[in-house]
Amino acid sequence: MLTVEEAKKLLFNQILKSDIFEIAIESAFGNVLAEDIYSPIDLPLFDQSSVDGYALTFDKIEEYTKFEIIEEIKAGDSTTIRLKPGQCVRIFTGAMVPQTANLIVMQEFVNANEGFITLGHDFKPGNYLRKKGTQIQKGELAVSKDTFLNPGVIGFISSLGISKLKIYKKPIVSLIVTGNEIIKPGNKLEMGQIYESNSFALQAALRQQQIEALHVLNARDTREDLDNQLSLALKDSEVILLTGGISVGDYDLVYDALKDAGADTIFYKVAQRPGKPLWAGRLGKKMIFALPGNPASVMVCFYEYVYPTLRMMRGFANPHLQTVHLNPAKEINDPGERASFLRAKITEENVTPLEKQDSGMMMSFASGNALIYVPIDKKYIAKDEIVEVHLLPFEG
């Protein structure tokens, strides 16, 4: 059986970035840039005032007690004025500065009266003047390929006049939930049945990645139904997530169904808990994950394996859960022959492993915000030791 590290290495070495397509910049947030962006203009495009005030020429400024106001320039105005010594223009924030002006004096520091101003104190050339091309020059690299498109990046690119961007396409994902025993919430629960939660948790996790599942399918515990649902998912999807039916029981049909569909196995079964019966494979360029059926196992496997896969496909430079190292709030006893992912809660000072760690219990996911990773060879962790903690992308 593979270790966690071995399974992840096998998987992540096979991930390819998604196709590239063009998108309007107003819809680009949350994606990853798939091209280098070079500035098509100087920014600023012209010398520009950064304040409301008066533009004048610094040369021989000490010779003048008053400066004549010869014009007013607002943001958006174009000007060809050439100031002479002793002249100034009234100017506003963002407005074009006359060619010969090399100083902006804030309006708070002048006395204006009858078409003239007098200066309140000493000034230096260049004050409050944004020179042409000081932010970036035409042809200069503005934003590198593989940059995450956050609000600041989008704002900067749009200030260059660029309206369309090339990004890595979000993969099309479908879900298949297997099992005769599951029914949707809102229906009457009969003895022997359970409410289905895996598809709801996975859809929410996908929406965190701005991905809406194309198909959310339910397969009964028969090969005919499973084959039909799998065929539908494979037809249109690039990533397929199945839950349940991947263990070794009489009604665990997923492994054989995937094999018969032509999928190649990357790995099957990992020495971890929860989530030992995890299968990952591919069919051509399509990635397929057969997750266990227990809800906590599903989410651990999603965040440790599927989440980084989706982010790698989308071009993220840091696709994995963020990792920190903290002291546990209490000692951890973890007997067994498998690595563990313990649901946990991070506080200001440490991390606390939560109660109810059984693979079928989602309550600890509901109150937790992290996973403590206990390696396969670690049986006991004292309070003063450091543990590896994976931060779940949960708010709050």
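Of all residues in the range 60-78, how many are within 16 Å of Leu45 (Cβ to Cβ) and surrounded by 15 or more Cβ atoms within 10 Å (Cβ to Cβ)?
Total satisfying the criteria: 1.
Just one of the numbered conditions (1) surrounded by fewer than 13 Cβ atoms within 10 Å (Cβ to Cβ); (2) not in a loop (DSSP other than H, G, I, E, B) is not true of Glu395; which one?
If we test Glu395 against (1) surrounded by fewer than 13 Cβ atoms within 10 Å (Cβ to Cβ); (2) not in a loop (DSSP other than H, G, I, E, B), just (2) comes out false.
Looking only at the range 336-359, decide whether some residue is among the polar types (S, T, N, Q), surrounded by 15 or more Cβ atoms within 10 Å (Cβ to Cβ) and in contact with a Phe, Trp or Tyr (Cβ under 6 Å, 6 or more places away or on another chain).
Within the range 336-359 (the criterion being among the polar types (S, T, N, Q), surrounded by 15 or more Cβ atoms within 10 Å (Cβ to Cβ) and in contact with a Phe, Trp or Tyr (Cβ under 6 Å, 6 or more places away or on another chain)), the answer is no, since none of the residues qualifies.
Name the residues in the range 1-22 that are open to solvent by 30 Å² or more (accessible area, probe 1.4 Å), within 27 Å of the chain's Cα centre (by Cα) and not aromatic (Phe, Trp, Tyr), would you? Please lay out each step first, then the result.
Taking the range 1-22 as the starting set, the residues that turn out to be open to solvent by 30 Å² or more (accessible area, probe 1.4 Å) are 1-3, 5-6, 8-10, 12-14, 16-17, 19-22.
Then keep just the ones that are within 27 Å of the chain's Cα centre (by Cα); that gives 5-6, 8-10, 12-14, 16-17, 19-22.
Correct list: Glu5, Glu6, Lys8, Lys9, Leu10, Asn13, Gln14, Leu16, Lys17, Asp19, Ile20, Glu22.
Hey, could you check the range 245-255 for residues that are open to solvent by 80 Å² or more (accessible area, probe 1.4 Å) and more than 20 Å from Ala271 (Cα to Cα) and say which is modelled with the lowest pLDDT?
Checking each candidate, the answer is Tyr251.
Take Lys259 and tell me if it is under 30 Å from Ser27 (Cβ atoms), open to solvent by 60 Å² or more (accessible area, probe 1.4 Å) and of a type in the set (D, E, K, R).
Answer is no for this residue.
State which residue is nearest to Ser199 (Cα to Cα) when the search covers only the range 290-305 and only residues that are out of contact with any helix residue (DSSP H, G or I) (no Cβ under 8 Å at 6 or more places or on another chain) and not small (Gly, Ala, Ser).
Taking the range 290-305 first, the residues out of contact with any helix residue (DSSP H, G or I) (no Cβ under 8 Å at 6 or more places or on another chain) are 294, 297, 300-301.
Now narrow it down to the ones that are not small (Gly, Ala, Ser): 294, 300-301.
On the way: Asn294: 12, Val300: 14, Cys301: 14 Å.
Across the range 290-305, the extreme among qualifying residues is Asn294.
Considering only the range 363-381, state which residues are among the aliphatic types (A, V, I, L, M) and surrounded by fewer than 18 Cβ atoms within 10 Å (Cβ to Cβ).
Met363, Ala366, Ile376
Give me the pairs, please: first residue somewhere in the range 311-338 and within 30 Å of Asn31 (Cβ to Cβ), second residue anywhere and of a type in the set (Gly, Ala, Ser) and open to solvent by less than 60 Å² (accessible area, probe 1.4 Å), beta-carbon distance under 7 Å, and either six or more positions apart or on two chains.
Correct list of pairs: Met313/Ser18; Arg314/Ser18; Gly315/Ala34.
Residue by residue through the range 211-244, note down the ones that are part of a loop (DSSP other than H, G, I, E, B), open to solvent by 70 Å² or more (accessible area, probe 1.4 Å) and touching a residue at least 12 places away in the same chain (Cβ under 8 Å).
Residues satisfying the conditions are Leu214, Arg220.
Check Gly133, Gly139 and return the single one that is at positive phi, touching a Phe, Trp or Tyr at 6+ places or on another chain (Cβ under 8 Å) and assigned to a loop (DSSP other than H, G, I, E, B).
Criteria check complete, one pass: Gly139.
Quick one: which residue in Ala55, Ala34, Ala95 is crowded, with 21+ Cβ neighbours inside 10 Å and more than 28 Å from Lys164 (Cα to Cα)? Please lay out each step first, then the result.
Numbers: Ala34 fails: more than 28 Å from Lys164 (Cα to Cα); Ala95 fails: more than 28 Å from Lys164 (Cα to Cα).
Exactly one of Ala55, Ala34, Ala95 is crowded, with 21+ Cβ neighbours inside 10 Å and more than 28 Å from Lys164 (Cα to Cα), namely Ala55.
Would you say Asp146 is open to solvent by 40 Å² or more (accessible area, probe 1.4 Å), without any contact (Cβ under 8 Å) to a residue 60 or more places away in the chain, of a type outside the set (A, V, I, L, M, F, W, C) and part of a loop (DSSP other than H, G, I, E, B)?
Spelling it out, it is not the case that Asp146 is open to solvent by 40 Å² or more (accessible area, probe 1.4 Å), without any contact (Cβ under 8 Å) to a residue 60 or more places away in the chain, of a type outside the set (A, V, I, L, M, F, W, C) and part of a loop (DSSP other than H, G, I, E, B).
Being under 24 Å from the mean Cα position of the chain (by Cα), surrounded by fewer than 21 Cβ atoms within 10 Å (Cβ to Cβ) and either free of Cβ contacts under 8 Å to residues at least 40 places away in the same chain or in a loop (DSSP other than H, G, I, E, B) (or both) is the filter here, so list the residues in the range 266-309 that pass it.
Within the range 266-309, Lys285 is the sole residue that qualifies.
Among the residues of the range 320-358, which ones are assigned to a loop (DSSP other than H, G, I, E, B), under 21 Å from Ser297 (Cβ atoms) and more than 28 Å from the chain's Cα centre (by Cα)? Talk me through it step by step, then tell me what you get.
Step one: filter the range 320-358 for residues assigned to a loop (DSSP other than H, G, I, E, B), giving 320-322, 327, 329-331, 334-338, 347-350, 354-358.
Remaining after also requiring under 21 Å from Ser297 (Cβ atoms): 320-321, 334-338, 354-358.
If the condition is that a residue be assigned to a loop (DSSP other than H, G, I, E, B), under 21 Å from Ser297 (Cβ atoms) and more than 28 Å from the chain's Cα centre (by Cα), then Asp334, Pro335, Gly336, Glu337, Arg338, Glu355, Lys356, Gln357, Asp358 are the ones that fit.
Please tell me if Val387 is free of Cβ contacts under 8 Å to residues at least 60 places away in the same chain, farther than 19 Å from Asn294 by Cα and touching a Leu at 6+ places or on another chain (Cβ under 7 Å).
no
Does at least one position in the range 167-187 carry a residue that is assigned to a helix (DSSP H, G or I), of a type outside the set (Phe, Trp, Tyr), touching a residue at least 60 places away in the same chain (Cβ under 8 Å) and open to solvent by 50 Å² or more (accessible area, probe 1.4 Å)?
There is no residue in the range 167-187 that is assigned to a helix (DSSP H, G or I), of a type outside the set (Phe, Trp, Tyr), touching a residue at least 60 places away in the same chain (Cβ under 8 Å) and open to solvent by 50 Å² or more (accessible area, probe 1.4 Å).
The values are calculated or read from the model by the stated rules, or taken from the named source; none is laboratory data. Quantities reported herein were computed from a predicted structural model and do not represent experimental measurements. Note that we place each Cβ from the backbone using ideal geometry, even for glycine, and neighbour counts take in every protein chain shown. Just so you know, the surface numbers come from the protein's heavy atoms only, side chains and all, with ligands and any DNA or RNA stripped out. Shrake-Rupley method; radii C 1.70, N 1.55, O 1.52, S 1.80 Å.
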